[in-house]
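J.: Structure below; questions to follow.
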Amino acid sequence: MPDQPLPELAERYLESKRVERGLRRSSLEEYRRDLADFCRWLAGRRRKAMNALTADDLGAVDRETARKWLAYLADRELALATRDRRWGTVSGWFRWMSTEGHLPRDPFAGLERPIRGERHKRLPVYLSEAEAERLLRVVLSDEGLSPRQKAHHARLKERDYALIALLLYQGLRISEAVSLRLGDVDFEEATLRVIGKGDKERLLPLHRRTQEALQQYLQAWPGPRKPKAPQDPLWWTLTGQPLTKNAAQVAVKRHLTRAGLWRASAHKPRHTFGTRLAEAGVDLLVIKDLLGNVTAATTQIYAYVAQRRLREAIERIP
């Protein structure tokens with residue numbers, strides 16, 4: 001069943017986010033899904049179609065209605081991060097409508113956010129040093145593969161090794177990694193230019209192992225196309241197409257599974273990078289900048305993990 005259009009004020013809010021924050025399409029789609037979820041709930045209560053909701057319908061949302069929606073959100077089997085994001089999206093929309101004069105008041109203003117604390121208790125899943133090394137060894141090894149798989153693996157291993165090294169030692173998101181161009185890598189200055197969320201740019205120092213892996217990939221890549229000009233995509237497939245985010249996730253997940261880390265996601269190397277920095281005592285603001293996080297609060301979880309590891313070590317003393 002196709003999605004119903006959103007109310008006009010929701011569309012205008014999304015446009016304002018696109019213009020003011022320069023959000024990517026994927027981020028805007030998340031906002032759209034969150035607003036649609038709320039509007040479907042409200043439309044059901046108002047007994048009308050979602051796109052027929054007017055400013056009067058939205059203005060009728062009071063503090064009690066907001067609390068009922070929160071209860072509805074809490075009763076559903078949603079991931080904590082999804083519930084938290086939906087709260088943020090919908091409350092941000094009502095705050096915008098109030099500020100812009102479309103509504104007389106913001107029913108979410110001052111309302112306690114009960115699921116935020118739960119979200120920040122969720123700790124990042126990361127690789128131990130031994131697991132990270134095992135993963136990198138597996139990427140270069142053809143052990144356990146069939147002859148046909150070995151031939152395919154031999155052509156891809158330098159690319160996949162460089163990609164995973166980039167995630168482990170630079171802390172990039174998969175989307176950031178696949179968006180890299182050849183000109184973003186400066187081997188002479190040992191720096192990496194990354195365009196993150198909201199098209200925000202950061203310049204990272206290249207880790208020695210990342211630099212070596214990238215140079216080996218660029219020298220050994222056997223595909224029909226390889227990056228030559230600065231604007232060329234850094235990553236390619238054996239069919240001569242730029243590597244997509246989905247294909248990169250599949251490749252990383254395949255190697256994680258081969259390394260016996262089958263529960264891990266392609267985001268795990270990034271968490272490993274953040275956790276390692278925290279364990280090394282690096283300042284949270286520095287970790288925030290390296291990871292490209294918007295706020296230090298997002299980075300705080302890595303410090304919590306590092307502190308927990310220290311506590312566990314102390315408790316081993318008889």
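One line per residue, one yes/no per condition, for (1) modelled with pLDDT of 90 or more; (2) closer than 29 Å to Ile195 by Cβ; (3) not in a loop (DSSP other than H, G, I, E, B):
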| position | (1), (2), (3) |
| --- | --- |
| Ser26 | no, yes, yes |
| Lys68 | no, no, yes |
| Arg85 | no, yes, yes |
| Trp93 | yes, yes, yes |
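J.: Answer yes if at least one residue in the range 59-66 is at pLDDT 85 or above, within 18 Å of Glu8 (Cβ to Cβ) and surrounded by fewer than 20 Cβ atoms within 10 Å (Cβ to Cβ), and no otherwise.
T.: yes
J.: Only one of these is buried (at least 16 other Cβ atoms within 10 Å of the Cβ) and either in contact with a strand residue (DSSP E or B) (Cβ under 9 Å, 6 or more places away or on another chain) or free of Cβ contacts under 8 Å to residues at least 60 places away in the same chain (or both): Arg159, Arg202. Name it.
T.: Details: Arg202 fails: buried (at least 16 other Cβ atoms within 10 Å of the Cβ).
Sole residue among the options that is buried (at least 16 other Cβ atoms within 10 Å of the Cβ) and either in contact with a strand residue (DSSP E or B) (Cβ under 9 Å, 6 or more places away or on another chain) or free of Cβ contacts under 8 Å to residues at least 60 places away in the same chain (or both): Arg159.
J.: Answer yes or no as to whether Ile164 is at pLDDT 95 or above and closer than 30 Å to Glu30 by Cα. Full working, then the answer.
T.: Working: at pLDDT 95 or above: yes; closer than 30 Å to Glu30 by Cα: yes.
So Ile164 passes the test.
J.: Give the residue that is surrounded by the most Cβ atoms within 10 Å (Cβ to Cβ), with candidates limited to residues of the range 5-48 that are of a type in the set (Gly, Ala, Ser) and over 20 Å from His102 (Cβ atoms). Quick ask: steps written out before the conclusion?
T.: Going residue by residue through the range 5-48, those that are of a type in the set (Gly, Ala, Ser) are 10, 16, 22, 26-27, 36, 43-44.
So of that shortlist, the ones also over 20 Å from His102 (Cβ atoms) come out as 22, 26-27, 44.
Details: Gly22: 12, Ser26: 10, Ser27: 15, Gly44: 10.
Residue satisfying both the conditions and the ranking: Ser27.
J.: Of everything in the range 169-186, what is outside any helix (DSSP H, G or I) and either free of Cβ contacts under 8 Å to residues at least 60 places away in the same chain or within 19 Å of Arg258 (Cβ to Cβ) (or both)? Give them in sequence order. Full working, then the answer.
T.: Start the filter on the range 169-186 by keeping residues that are outside any helix (DSSP H, G or I), which leaves 171-173, 179-181, 185-186.
Correct list: Ser179, Leu180, Arg181, Val185, Asp186.
J.: Taking the stated definitions as given, is Lys150 closer than 20 Å to Gly292 by Cα, among the charged types (D, E, K, R) and assigned by TED's automatic domain parsing to the domain that holds Pro233? Don't jump to the end; show me each part of the working.
T.: Working: closer than 20 Å to Gly292 by Cα: no; among the charged types (D, E, K, R): yes; assigned by TED's automatic domain parsing to the domain that holds Pro233: yes.
Criteria not met by Lys150.
J.: Let me ask something else about it. Suppose we filter Gly110, Gly171, Gly117 for residues that are closer than 25 Å to Ser27 by Cβ, outside the structural domain of Ala278 (by TED's automatic domain parsing) and either of a type in the set (D, E, K, R) or at pLDDT below 95 (or both); which single one remains? Let's see the steps before the verdict.
T.: Numbers: Gly110 fails: closer than 25 Å to Ser27 by Cβ; Gly171 fails: outside the structural domain of Ala278 (by TED's automatic domain parsing).
After ruling out the rest, the residue left standing is Gly117.
Conditions tested, residue by residue: (1) assigned to a helix (DSSP H, G or I); (2) in contact with a helix residue (DSSP H, G or I) (Cβ under 7 Å, 6 or more places away or on another chain); (3) within 20 Å of Val286 (Cβ to Cβ).
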{"site": "Leu167", "(1), (2), (3)": "yes, yes, yes"}
{"site": "Gln211", "(1), (2), (3)": "yes, no, no"}
{"site": "Leu218", "(1), (2), (3)": "yes, no, no"}
{"site": "Pro224", "(1), (2), (3)": "no, no, no"}
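J.: Sticking with this structure for a sec: Suppose we keep only residues that are not in a helix (DSSP H, G or I) and not polar (S, T, N, Q) within the range 140-161. Which one would you say is modelled with the highest pLDDT? Walk me through how you get there before you give the answer.
T.: Kept after step one, since they are not in a helix (DSSP H, G or I), are these residues of the range 140-161: 141-146.
Those still in the list that are not polar (S, T, N, Q) too: 142-145.
Working: Asp142: 92, Glu143: 88, Gly144: 86, Leu145: 89.
So the residue we want is Asp142.
J.: Within the range 255-275, does at least one residue satisfy the condition of being basic (Lys, Arg), modelled with pLDDT of 95 or more and assigned to a helix (DSSP H, G or I)? Let's see the steps before the verdict.
T.: From the range 255-275, those basic (Lys, Arg) are 258, 263, 268, 270; that's our starting set.
Now drop any that are not modelled with pLDDT of 95 or more, which leaves none.
The answer is no, given that none of the residues of the range 255-275 is basic (Lys, Arg), modelled with pLDDT of 95 or more and assigned to a helix (DSSP H, G or I).
The values are calculated or read from the model by the stated rules, or taken from the named source; none is laboratory data. For clarity, every value in this text was computed on a predicted model and none was experimentally measured. Methodologically, a virtual Cβ is constructed for each residue, glycine included, from the backbone with ideal geometry; neighbour enumeration extends over all protein chains shown.
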